[in-house]
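What follows is calculated from the coordinates using simple rules that are stated; it is not laboratory data. Everything numeric here is computed off the predicted structure, so don't read it as measured data. Every residue, glycine as well, gets a Cβ built from its backbone with ideal geometry; the counts of neighbours run over all protein chains shown.
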Amino acid sequence: MPEFAGSPVGQGRRIAVVVSRFNEAITQCLVDGAMDALTRHGVAYDDIDVVWVPGAWELPAAARALAASDRYHALVALGAVIRGDTPHFDVVARESARGLADIGADYDTPIGLGVLTCDNIDQAAARAGGTHGNKGWDAALAALEMADLLDRLNVADEG
């Protein structure tokens, strides 16, 4: 029985990182983690585009344009949605994630999801380079692994 798995191989890949400016103290740390992961896994610095949007709500619109451009092997989506006193958190978090998932499926483009959904700023900081690691790094690795896996599956389909 054939089995397939991807590896986080970055050589020769072009990646777009789309990131929310809202909660920028957190999201900049996520970008730093993603950039570190991508370059350490072989993506050339000049092959990474960073696209800033106002907030997590706007991530899908930019990601759709990036995926439609057919310039990128994968995308990395980064943001920080922090719970407040209203249901706004639930709407933004859910619709941002749904929109990104739809784009990945519509364009067969891997999207590493690094949008934090936290109850408070301390939880977000812990996941943006603190005690819980850096979810920007994790999202970048997932994007690279999925890009490699999709390449392997496409080769298997041709064989």
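For the condition within 19 Å of residue 138 (Cβ to Cβ) and hydrophobic (A, V, I, L, M, F, W, C), what is the one hit in 91, 53, 76?
After applying the criteria, what remains is 76.
Select from segment 46-57 the residues that are assigned to a loop (DSSP other than H, G, I, E, B) and buried (at least 24 other Cβ atoms within 10 Å of the Cβ) and list them in ascending order.
Matches in segment 46-57: none.
Residue 129 passes all but one of (1) surrounded by fewer than 21 Cβ atoms within 10 Å (Cβ to Cβ); (2) assigned to a helix (DSSP H, G or I); (3) of a type outside the set (Phe, Trp, Tyr); (4) touching a helix residue (DSSP H, G or I) at 6+ places or on another chain (Cβ under 7 Å); which number fails?
(2)
What are the residues in segment 101-124 that are part of a helix (DSSP H, G or I) and either in contact with a helix residue (DSSP H, G or I) (Cβ under 9 Å, 6 or more places away or on another chain) or closer than 17 Å to residue 90 by Cα (or both), if any?
Within segment 101-124, 101, 102, 103, 104, 106, 107, 121, 123, 124 meet the criteria.
What number goes with the only condition from (1) farther than 17 Å from residue 136 by Cβ; (2) part of a helix (DSSP H, G or I) that residue 84 does not pass?
Status for residue 84: all satisfied but (2).
Is there any pair linking a residue in segment 101-120 that is within 18 Å of residue 8 (Cα to Cα) to one that is among the aromatic types (Phe, Trp, Tyr) and assigned to a helix (DSSP H, G or I), with Cβ under 9 Å and at least six apart or on different chains, and which?
114/137
Suppose we filter 31, 9, 19, 43 for residues that are in a helix (DSSP H, G or I), surrounded by 14 or more Cβ atoms within 10 Å (Cβ to Cβ) and out of contact with any Cys (no Cβ under 9 Å at 6 or more places or on another chain); which single one remains?
31
For segment 82-100, name all the residues that are without any contact (Cβ under 8 Å) to a residue 40 or more places away in the chain and β-branched (Val, Ile, Thr).
86, 91, 92
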